[in-house]
């Protein structure tokens, strides 16, 4: 008889977990997926493209309804899980429904942070996190509308790009001294700022938001230096936090996120967590690739295989506001490391590699990211780069690449 496996959350991590698990242990589990949003699992990475009108909503769908049905998955979406009874092994849904489980996975994701600015609750301030947010932004930010985006991280820039492509006049307000400070060093961030300004997006750095004034139709953002930025729409994209309240109410250990061990198990046996809601060894990743790695490891564990998750290498490989961006590892450079930099501002190309003890420790690329995955493999493998060191910054095509036996293949033959 199949075990009852309930997954709370119907996002990208869940779709990958079900895909991995059904391929490894088909028939072992009767899987039920509970999704709060009234939609099938979709690709959040493409939300800015949807906002920009570059794709339609159907393009975001990860798996068709037929795929879920063919894999025997019961989908319960548009319903919110309200309580976990760990003792009785039940999940309560709004409306009074209860689902029993043998094993439970929490993939509740994260929520947008709403800054506690005076006036934010009165004015129609939006966040940028899901399909509902995009629909509301499209409805309110038509051509020639003035929009202020609070936050110059990944989410903020994606919102700004989508809104600009949709025809709005956009200003990005960022507290820090550079854009995407978690993914880019100062020179790369400066080049990205120049690219955004060339698109017509205004960028204000070291700008602290203090209050929102006006009504839900005419708003203004007040900055700490006294400036007042008028807008028809203000979007908060100042970061995310793990959605862990359901786990906290159930008595599971929660710090910043739901605490999990190397088997993805929470403090309660038989209950697991993964993705943006989870905290592993003190880290909440908030990125897609670590969630996929966690899904693969959890699927192996649930399938009865020996598997441990030892953490993920932080890496970003995306197109941000139309600009290719990649960073991984220690791209800033700890003491004792050596940076190698190639910078071509005229063509919008920047590469910085960080070398430590003859190995690649980190990299940041902007503009041309064709070699991103190759650099990522070098960082992950900690392979010696001695024979390639002088040409490494120019990319794989210019390097002598060792094959699996250790022999050196010249770039032309590699």
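The values are calculated or read from the model by the stated rules, or taken from the named source; none is laboratory data. Treat the numbers as computed from the prediction; the structure is a model and nothing was measured. Every residue, glycine as well, gets a Cβ built from its backbone with ideal geometry; the counts of neighbours run over all protein chains shown.
Considering the range 378-401, and only residues there that are in a loop (DSSP other than H, G, I, E, B) and free of Cβ contacts under 8 Å to residues at least 24 places away in the same chain, the residue that is nearest to residue 338 (Cα to Cα) turns out to be 382. Taking residue 228 and the conditions (1) within 20 Å of the chain's Cα centre (by Cα); (2) free of Cβ contacts under 8 Å to residues at least 24 places away in the same chain; (3) loosely packed, with under 14 Cβ neighbours inside 10 Å, which numbered condition does it fall short on, given that it satisfies the others? With respect to (1) within 20 Å of the chain's Cα centre (by Cα); (2) free of Cβ contacts under 8 Å to residues at least 24 places away in the same chain; (3) loosely packed, with under 14 Cβ neighbours inside 10 Å, residue 228 is out only on (1). Selection within the range 92-110: residues that are surrounded by fewer than 17 Cβ atoms within 10 Å (Cβ to Cβ) and touching a residue at least 60 places away in the same chain (Cβ under 8 Å). The member of this set that is nearest to residue 131 (Cα to Cα) is 100.
Taking each residue of the range 258-272 that is modelled with pLDDT of 95 or more and looking for partners that are surrounded by fewer than 16 Cβ atoms within 10 Å (Cβ to Cβ) and part of a strand (DSSP E or B) with beta-carbon atoms closer than 6 Å, six or more apart or interchain, yields nothing. Out of 95, 72, 124, one residue alone is farther than 30 Å from residue 270 by Cα and over 24 Å from the mean Cα position of the chain (by Cα). It is 124. Checked against (1) more than 16 Å from residue 168 (Cα to Cα); (2) at pLDDT 95 or above, residue 114 meets all criteria but (2). Return yes or no: is residue 182 surrounded by fewer than 18 Cβ atoms within 10 Å (Cβ to Cβ) and either farther than 28 Å from residue 38 by Cβ or modelled with pLDDT of 95 or more (or both)? Yes: the conditions hold for residue 182. Of the helices (runs of 4 or more DSSP H) lying entirely inside the range 6-91, those carrying at least 3 residues that are without any contact (Cβ under 8 Å) to a residue 12 or more places away in the chain are 65-70. Between 309, 375, the distinction of being in a loop (DSSP other than H, G, I, E, B), touching a residue at least 40 places away in the same chain (Cβ under 8 Å), within 30 Å of residue 13 (Cα to Cα) and outside the structural domain of residue 272 (by TED's automatic domain parsing) belongs to 309 only.
Test residue 149 against the stated conditions and say whether it is crowded, with 18+ Cβ neighbours inside 10 Å, more than 20 Å from the chain's Cα centre (by Cα) and closer than 23 Å to residue 110 by Cα. Steps first, please.
On the way: crowded, with 18+ Cβ neighbours inside 10 Å: yes; more than 20 Å from the chain's Cα centre (by Cα): no; closer than 23 Å to residue 110 by Cα: yes.
So residue 149 does not fit the description; no.
Looking only at residues of the range 201-224 that are outside any strand (DSSP E or B) and in contact with a strand residue (DSSP E or B) (Cβ under 8 Å, 6 or more places away or on another chain), we find that the one that is farthest from residue 175 (Cα to Cα) is 218.
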